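Everything below concerns the one structure shown next.
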Amino acid sequence: MGNTLLYQRSEPPKDLREKIISSIALNRKKTAEKHALAFGFFAVIFIVTSIPVSIDAAGAFMRSGFFGYLSLVFSDSSTVLSSLADFMIVLMESLPTTEIISTAAIITLALWSAAITVKNMSEIKPMHAIINK
């Protein structure tokens, strides 16, 4: 009984590797499609939301008097330069920071969602080629 094999070595099917790669590619394609759909939906929502937020920010700039203070630089620059620190404080206080931050956040989220959508869309086509080999 010294050299008896307790089991026979079996060979995997020849197409096992291709089936595994195809299965992985199919799962990646499905995941990429789901991500593209979800992030594409969010990109559209954020782009649509950015329109009224941007309009509100533009209105806040007009109401704040920021442009009136800023125009002093061009009309009476000697007075502005004589009290530059006070002018900069007044200019910063007149900025509608909440509207600026909300507009920047919405636009950033829209661009981020769009970038992820494009990335996932570009991953779908190569996966399709691997699956259909």
Checklist entry - Does THR117 qualify as being under 15 Å from the mean Cα position of the chain (by Cα) and exposed (fewer than 14 other Cβ atoms within 10 Å of the Cβ)? => result no
Next on the checklist: Looking at segment 17-31, I want the residues that are in contact (Cβ under 8 Å) with a residue 40 or more places away in the chain and under 19 Å from VAL118 (Cα atoms) and have a partner that is surrounded by 13 or more Cβ atoms within 10 Å (Cβ to Cβ) and acidic (Asp, Glu) with Cβ atoms under 9 Å, at least 6 apart or on another chain. Which pairs are those?
Outcome noted: ARG28/GLU123; LYS29/GLU123
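The rows are residues; the columns are (1) basic (Lys, Arg); (2) surrounded by 14 or more Cβ atoms within 10 Å (Cβ to Cβ); (3) more than 30 Å from the chain's Cα centre (by Cα); (4) modelled with pLDDT under 90.
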position	(1), (2), (3), (4)
ASP15	no, no, yes, yes
GLY40	no, yes, no, no
VAL73	no, no, yes, yes
LEU81	no, no, yes, yes
LEU91	no, yes, yes, yes
THR98	no, no, no, no
Next on the checklist: Tally up the residues in segment 31-89 that are part of a loop (DSSP other than H, G, I, E, B) and farther than 23 Å from ALA104 by Cα, please.
Outcome noted: 2
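The values are calculated or read from the model by the stated rules, or taken from the named source; none is laboratory data. What you see is a predicted model; the values in this text were computed from it and never measured. Reconstructed Cβ throughout: ideal geometry from the backbone, glycine too, with neighbour counts over all protein chains shown.
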